[in-house]
1. At most 10 other Cβ atoms within 10 Å and a DSSP loop assignment: could you name the chymotrypsin sites (Phe, Trp or Tyr not before Pro) in segment 150-207 that fit?
2. List every residue whose amide H lies under 5 Å from the amide H of Phe109, counting only residues 5 or more places away in sequence or on a different chain, with H placed 1.01 Å from N in the peptide plane.
3. Which FRET efficiency, nearest 0.05, do Leu243 and Arg140 yield, Cβ-Cβ r, R0 51 Å?
4. On a 1.4 Å probe surface of the protein chains, which of Phe64, Phe45 comes out largest in accessible area, and what is the full order?
5. Would you mind checking which residues have amide H under 5 Å from His95's amide H? H placed 1.01 Å from N; only 5 or more apart, or other chain.
6. Provide the gained length on full extension for the span Tyr43 to Tyr228, in nm with one decimal, where the gain is 0.36 nm per separating residue minus the Cα-Cα distance.
7. So, R0 is 22 Å and r is the distance between the beta-carbons of Val147 and Ser295; what FRET efficiency does that work out to, to 0.05?
8. Arrange the peptides 71-79, 55-63 so that the one whose residues have, on average, the most other Cβ atoms within 10 Å appears first.
Amino acid sequence: MEKSLPTPWYRSVRIDWILLLSTLPIMGAGLVTMSSFSGNGNYYFYHQLIWIGVSLAVFFVFSFIDFRFLRRTGVLVGLFLASCFLLVLLFALGHVSKGAKSWFNFGGFSFEPADPIKLVIILILAKYFSRRHVEIAHIRHILVSGVYALIIFTLILIQPDFGSAIIIFLIWFGMVLVSGISRKHLLLVFVVGSLAFFGLWHYGFKDFQKNRILNFIHPLTNISGSGYNAYQSMVTVGSGQVLGKGIGYGTQSRLKFLPEYQTDFIFAAFAEEWGFLGVLIIFVLFGILIWRIISNSMKGATNFEILYGAGFAIFIMSHFFINIGMNIGLLPVTGITVPFMSYGGSHLLTEFAGLGILMGMRRYARAAHKDVIKNEFVGQPLV
């Protein structure tokens, strides 16, 4: 009897190279934009280069891990409690930046726990809905899952970090939709959401957050004050026209009219230099990235892996479209970054950790058939 040889380690790691390669030009676009305008020896460029190296290392390490242990309730409960503890700890030890206590400052670097906690919420909801997706039409499952998200949502909102709180809500809402929800329950969610917004407007939002929303409705009413950032961003995007001004020739960014060009408004700074054609390329790259995430999730071994991939795709899309919306004046300014493109280590580590988890799940994935996907992924129809 022939003895079977052990599988080489490099064959046990199943990397989706199309997915990984689609992120590289996006990160390159961010680096080029930072390099064009940053002073002090290209501070942002070199720091971001370090974070990219660390994040890619995390991605490949996670790709080796068998993440079936994340299906265990005890593991996810532990992650949820640790997340709540970190968010509560922020109020005692957090560093205030731009009016929000969202960061732990360790001297040489800062860490924003809200970013990795978004992955925790995706995993918890994937676990919850993977066992109950056939019963998702029952309102109690929507409410119970909503409680998990609401706890994290509230702890983030009172920092106050309105942008990350909105992402938590969109992750929950999106995962409820892909799990299956009746129309009457969908209407109920909108009613509850409207009432919650009404309550937050009167009792939760700070004045600067109200001003951002009012600027969204009337963007040109206070362009020298609270509407300055949004107005300058729209001017910057429009000034790029079709072909852009060229690398390093973006006057809005170079002359410091555009604030936060390396984080919140990096898309506007990029659009000024590269124009409509450059923006189109970025959209295509993100389209490929989302397609590969969903494609990999469809081949998940169980509902848990499928729903995790769906939740992660929602996470990336929410960040991308909200940031683009606020850069072109369609949405309020909320401090949301462009995935893989904006400056910052916390969000970059989170994004590559999320992709690494997806690749780890890919190791034990099965071939997905349309009928299986229809029954397992979509769950109950919208009736």
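The values are calculated or read from the model by the stated rules, or taken from the named source; none is laboratory data. This is a predicted model, so every value here is computed, not measured. Because the Cβ atoms are built from the backbone with ideal geometry, glycine has one as well, and the counts that use them run over all protein chains shown. Surface accessibility is based on the protein's heavy atoms, side chains included, excluding ligands, DNA and RNA. Shrake-Rupley method; radii C 1.70, N 1.55, O 1.52, S 1.80 Å.
1. none
2. When sequence neighbours closer than 5 places are left aside, there are no close amide H contacts.
3. 0.40
4. Greatest to least solvent exposure: Phe64, Phe45.
5. Here the answer is Ser102, Trp103, Phe104, Asn105, since their amide H atoms fall under 5 Å of that of His95.
6. 64.1 nm
7. 0.10
8. Order by mean packing, descending: 55-63, 71-79.
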